[in-house]
Amino acid sequence: QVQLVESGGGLVQPGGSLRLSCAASGSRFRLYVMAWYRQAPGKQRELVATISSGGSTDYAGSVKGRFTISRDNTKNTAYLQMNSPKPEDTAVYYCHARVGRRGDFWGQGTQVTVLS
């Protein structure tokens, strides 16, 4: 099945930046709808951003204007660029792929902690 491996999480200060990466397996990555979710302690998992196979994007209102989702189909990788992170952005961030009829696949998650 599709394997997703996140990287790039860690500690970041407000006003700093962080880029998360999600490396995906498979030969048809260009067809996947990719997304980033996050889950903070005590909260349900929420959708942060999506990017379609055609490159169109959508964002949660809480991150719009600060985060950017992108993809490089030559590298089978999706990214989440986090600019001006806030303490409330602290969460485990999960990469997600919608792989047509094969359904949904999740990465293991990467911790992002925004210091104050």
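Whole number in Å², please: accessible area per residue of the chain, 1.4 Å probe, ligands, DNA and RNA not counted.
Details: 6240 Å² over 116 residues.
On a per-residue basis, 54 Å².
At R0 = 22 Å, how high is the FRET efficiency between ARG66 and THR113 if r is their beta carbon distance? Nearest 0.05 is fine.
On the way: r = 16 Å, r/R0 = 0.75.
FRET efficiency, ARG66 to THR113: 0.85.
Running a GNM on the chain with Cα contacts under 10 Å, which residue among TYR94, TYR79, TYR59 ends up with the highest mean-square fluctuation?
The residue that fluctuates most here is TYR59.
Please give the solvent-accessible surface of VAL92 in Å², to the nearest 10, using a probe radius of 1.4 Å with every protein chain present.
Accessible surface of VAL92 is approximately 40 Å².
Given H placed 1.01 Å from N in the peptide plane, which residues other than close sequence neighbours of VAL2 have an amide H under 5 Å from its amide H?
none
For segment 79-90, in order, what is each residue's ³J(HN,Hα) by Karplus, 6.51 cos²θ - 1.76 cosθ + 1.60 with θ = phi - 60°, in whole Hz (x at glycine and Pro)?
Using θ = phi - 60°, the values come out as 10, 10, 8, 10, 10, 6, x, 10, x, 6, 7, 4 Hz.
Which whole-Hz ³J(HN,Hα) couplings does segment 72-78 yield from phi under the Karplus relation 6.51 cos²θ - 1.76 cosθ + 1.60, θ = phi - 60°, glycine and proline marked x?
Karplus values, whole Hz, x for Gly and Pro: 10, 5, 6, 10, 6, 9, 10.
³J(HN,Hα) across segment 7-22 via Karplus (A = 6.51, B = -1.76, C = 1.60, θ = phi - 60°), whole Hz, x for Gly/Pro?
For segment 7-22, the Karplus curve yields 7, x, x, x, 8, 8, 8, x, x, x, 8, 8, 10, 8, 10, 9 Hz.
Quick check: residue separation of TRP106 and THR74 times 0.36 nm, minus the Cα distance between them. What number comes out in nm? Write down the numbers at each step before the final one.
Details: separation 32, 0.36 × 32 = 11.52 nm, distance 2.05 nm.
My answer for the length gained is 9.5 nm.
Using a probe of 1.4 angstrom, how much of the accessible area of the chain is carbon and sulfur, in percent?
Numbers: 2860 of 6240 Å².
C and S atoms contribute 46 percent here.
How big is the antiparallel share of DSSP beta bridges in the chain, given as a percent to the nearest 5? Please report the intermediate quantities before stating the final value.
Details: 38 of 41 bridges.
So the antiparallel bridges in the chain amount to around 95 percent.
Comparing PHE105, PHE67, PHE29, which has the greatest mean-square fluctuation in the GNM of the chain with Cα pairs linked when under 10 Å apart?
PHE105
Dipole of the chain (Lys/Arg Cβ +1, Asp/Glu Cβ -1, origin at the Cα centre): which of SER52, TYR93, GLY8 lies farthest to the positive side?
The residue sitting most towards the positive pole is SER52.
If amide H atoms are built 1.01 Å from N in the plane of the peptide, which residues on other chains or at least 5 residues away come under 5 Å of the amide H of VAL33?
Amide H neighbours of VAL33, under 5 Å, 5+ apart: ARG98, GLY100.
The values are calculated or read from the model by the stated rules, or taken from the named source; none is laboratory data. None of the values given here were measured: they were computed from a predicted structure. Counting neighbours? That spans all protein chains shown, and the Cβs are built from the backbone with ideal geometry, glycine included. When the accessible area is computed, the model is the full protein with side chains, heavy atoms only, and any ligands, DNA or RNA have been set aside. Shrake-Rupley method; radii C 1.70, N 1.55, O 1.52, S 1.80 Å.
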